[in-house]
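A short write-up of the structure that comes next.
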Amino acid sequence: MDAFIGKKLGQYEVISRLGAGGMATVYRARQTSVERDVAIKLIRADMINDEQFGE
């Protein structure tokens, strides 16, 4: 089980994992403030300090 599924990240509730690659994982989430589904991309923890991914 993925640790993010079922968690809230600000106004987003993570529903499921859509996919993962070498740099990030993409999740399906619900933006609760406007009741719509969104995709959230989370960069891998070991890449956070890489200047390429600063934005």
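Each reported figure results from applying straightforward, stated rules to the coordinates on display, with no laboratory input. Keep in mind that what you see is a predicted model, and the values were worked out from it rather than measured.
Cut-off 10 angstrom, C-alpha nodes, Gaussian network model of the chain. Which of A20, A45, A29 fluctuates the most?
A45
Give the Debye-formula value of log10 I(q)/I(0) at each listed q (0.19, 0.22, 0.29 Å⁻¹), with one equal scatterer per alpha carbon of the chain, two decimals each.
-0.68, -0.85, -1.12
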